[in-house]
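Read through the structure below, which is laid out as C-alpha cells, and then see the notes.
The values are calculated or read from the model by the stated rules, or taken from the named source; none is laboratory data. Note that the structure is a prediction, hence the values are computed from the model and not measured. Here the Cβ is made from the backbone with ideal geometry for all residues, glycine too, and neighbour counts use every protein chain on show.
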Amino acid sequence: MADQPGVRRWLAALLGLSVVVGAASAHAQAASLDLNSALFVEPSKRSGLTVWNPSAALAVTPTNWLTVQGGYEADIVSGASESVKGGRLSSVDIVSSATHFSDARHALTGGFTVTRASTHLSGSYTYGTEHDYRSNAFAVSAGTDFLQKNTQIELSYGRGFDSVCTTAYSATDAPSSRLALDNSQGCFTDDKKRASREISLNNFQVGWTQTWTPVFATQMVLSAALQHGFLGNPYRSVVIASAGDQALENHPENRARAAIGLRGKYYVRNLQTAFSASARFYRDTWDIFGQTYEVDAERYMLPWLRVLLRARYYTQTKALFWSDDYTGGEPATGPRGQYWSGDRELSPLSSYLVGARAVATREGRPGQRVFGLFLSFSGSVGFDLLKTNLRDFTLGGHAPDDTLALLWSLGVRGEF
Amino acid sequence: MKYLPPRVVKALGLAIGTLILVASAGCATVRPEQRAILADPTMQFDQKAADQAALEHVLDNREGSTGGGSVRGGGCGCN
C-alpha cells in the first residue's frame, strides 16, 4: 500500500480544507459538493484488473468573481499482470509469469477561478502519490467569449514534474542490461537498489466553441503535449533475444503528441433529443496515428430525469518501434533494435464502446431547499462496455483474454 | 489506411477555415433570448459528469492517444 502516514496527512488536510471552505460557504453565494465513485473491471482467467476510483470535489464561490476548488481522488488497483512480454517466437513462458499486485494512488488538488465579465482565469495544482510514482501538476487556463457570446475561446497550459521509481541502473549502462522492478520496496528512500527517474510534461490546449443557431453548436479542440524522461513501465521486461534474454522495457525519452477534436451538438425539437457527433485525430512522434469517432444522444425521459446513450469507435496504428516479438534479429540501429516495448497501447488496435448514463436532478425553490439543505441536487449512474481488438499483441503467441472492460459509475452532486 | 488522404486533410482545413471566417464575420448570431436550449445541460460540451471523467481516465490508460477532448463551452451566455 501507499505511504500511509502521508495519506493520513493529505486526508487531514482535505478535512481541514473542507471545514475552512465549509465555514466560508456560510457567507458564500454558492457552493457545490461532488462525490463520485467508479468501478472498472477487466475480467480475465489469468490477469484480471479491478480499479476503484472514489473522488470528492468541493467548490465555493465566496464572491461573484472568485471560485475556490479543492478535491481528492484515489485509484485503488488490484489484479495480476504479466511481468515479462514475449511474442510469438518467445521461448519464455509468458502466461505463467502473471503476478498479483495491489496499489493505491492518491491525488489532492486545489485551485481557483477568477471570473470578470466575459473572461475567466483558472489555476490549479495537483499532487499525486503512490508508492512507486509521484506527480506534481500545475495548470492554468484562460477563456473569453465575444461576438455576442456566440464565440468562446479557451487556452490552457499544464506543466507536470513527475518521478518514477526504477532499479538503480546507470544512464551509461546498456539498455539491454537494465533490470525491471520486481516490487516497490525501497522506492523514494535511500535504498541503493532503487533510483528515481524524472518525467517532464508540458500540455497545451486551445478550444473554440461556436453557437450557430439556437439548436446547433460546434467545438474544435487542438491539443499538444511534450513528454521527456522515463516513459516506460519500470516493472515490465521484454524478451529481446531468442535465447530468452530479458531487459527492462526501453522507450524513447522524448514524445511529442498532437490531437484535434471536432464535435457538434444539434437539438432535434421533434424528438426533444440532443444529438452529438465527434471525430478526433491524433498523431505523435512515435508514429502512432489514432482516430476516434463518437455519437451520443441525450433526452429527458421525465422532467427530472435525462438519459444519454453513446457509442464510440477507436483505431490506431502501431508505434514505429513496436513489435510483438523482438527476437527476430532486428538491426541494432533500427527503431526496433534500439527500442523495445511490451506495452499493448503502442500496438495496432481498435476498440468499440457502448454506454449509457442517467442523471436525476431535483431543483429547490426559494425557501424550500432539497432535503432541507441543497439549492439543487443530482444523482447519476453510468455504465460503459469497452471491447478492444489487439491486432498484433500476444503473450508468447497467445491472444490476451482481458480485452473486455466494464465500467460502472455513480455520483451525487449538491449545490448549497 | 495509415493516414488521412491529402485531399481529406485539405478539405478538413478548408472547412475549418470557412467556419472561422463565417464565425468571425458575425454571420452566426444567436440572441440571448434564443439560448434556452443551448443553456440546457444536454447541449453542454463538457458536462463534467462523473462517468465521463472516469471513462476518460480508463481510455487514457488503454489507448496510445490522448488529447483533443471536450472543453467548457456552449453555455447560456444569457447576460
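A:TYR352 passes every criterion in (1) of a type in the set (Phe, Trp, Tyr); (2) modelled with pLDDT under 95; (3) under 22 Å from the mean Cα position of the chain (by Cα) apart from (2). Within segment A:115-135, the set of residues being crowded, with 19+ Cβ neighbours inside 10 Å and at the interface with chain B (Cβ under 10 Å from one of its Cβ atoms) comprises A:SER122 only. Residues in segment A:297-344 that are among the charged types (D, E, K, R), part of a strand (DSSP E or B) and more than 21 Å from B:VAL58 (Cβ to Cβ): A:ARG299, A:ARG306. Given the criteria farther than 30 Å from A:PRO214 by Cα, touching a helix residue (DSSP H, G or I) at 6+ places or on another chain (Cβ under 9 Å) and in a loop (DSSP other than H, G, I, E, B), does A:TYR72 qualify? Judged against the criteria, A:TYR72 is not a match. Among the residues of segment A:397-412, those identified as in contact with a helix residue (DSSP H, G or I) (Cβ under 8 Å, 6 or more places away or on another chain) and within 13 Å of another protein chain (Cβ to nearest Cβ) are A:PRO400, A:ALA405, A:LEU407, A:SER409, A:LEU410, A:GLY411.
Which one of A:PHE112, A:PHE161, A:PHE138 is without any contact (Cβ under 8 Å) to a residue 24 or more places away in the chain and more than 12 Å from chain B (Cβ to nearest Cβ)? Give the derivation first.
Values: A:PHE112 fails: without any contact (Cβ under 8 Å) to a residue 24 or more places away in the chain; A:PHE161 fails: without any contact (Cβ under 8 Å) to a residue 24 or more places away in the chain.
Matching residue, one of A:PHE112, A:PHE161, A:PHE138: A:PHE138.
Going through (1) away from chain B (no Cβ under 13 Å); (2) assigned to a loop (DSSP other than H, G, I, E, B) one by one, A:ASP392 falls short only on (1).
Suppose the filter is within 8 Å of another protein chain (Cβ to nearest Cβ), touching a residue at least 12 places away in the same chain (Cβ under 8 Å) and part of a strand (DSSP E or B); does A:SER350 pass it?
Considered against the rule, which asks whether it is within 8 Å of another protein chain (Cβ to nearest Cβ), touching a residue at least 12 places away in the same chain (Cβ under 8 Å) and part of a strand (DSSP E or B), A:SER350 comes out as no.
Is it the case that A:PHE188 is surrounded by fewer than 15 Cβ atoms within 10 Å (Cβ to Cβ) and closer than 26 Å to A:GLU249 by Cα?
Numbers: surrounded by fewer than 15 Cβ atoms within 10 Å (Cβ to Cβ): no; closer than 26 Å to A:GLU249 by Cα: yes.
No: the conditions fail for A:PHE188.
Only one of the numbered conditions (1) modelled with pLDDT under 90; (2) within 14 Å of chain B (Cβ to nearest Cβ); (3) over 27 Å from B:ARG31 (Cβ atoms) is not met by A:PHE146, and that is (3).
Assess whether A:ARG299 counts as being more than 7 Å from chain B (Cβ to nearest Cβ), of a type in the set (D, E, K, R), more than 21 Å from the chain's Cα centre (by Cα) and surrounded by fewer than 22 Cβ atoms within 10 Å (Cβ to Cβ). Explain how you work it out, then say what you get.
Details: more than 7 Å from chain B (Cβ to nearest Cβ): yes; of a type in the set (D, E, K, R): yes; more than 21 Å from the chain's Cα centre (by Cα): yes; surrounded by fewer than 22 Cβ atoms within 10 Å (Cβ to Cβ): yes.
Considered against the rule, which asks whether it is more than 7 Å from chain B (Cβ to nearest Cβ), of a type in the set (D, E, K, R), more than 21 Å from the chain's Cα centre (by Cα) and surrounded by fewer than 22 Cβ atoms within 10 Å (Cβ to Cβ), A:ARG299 comes out as yes.
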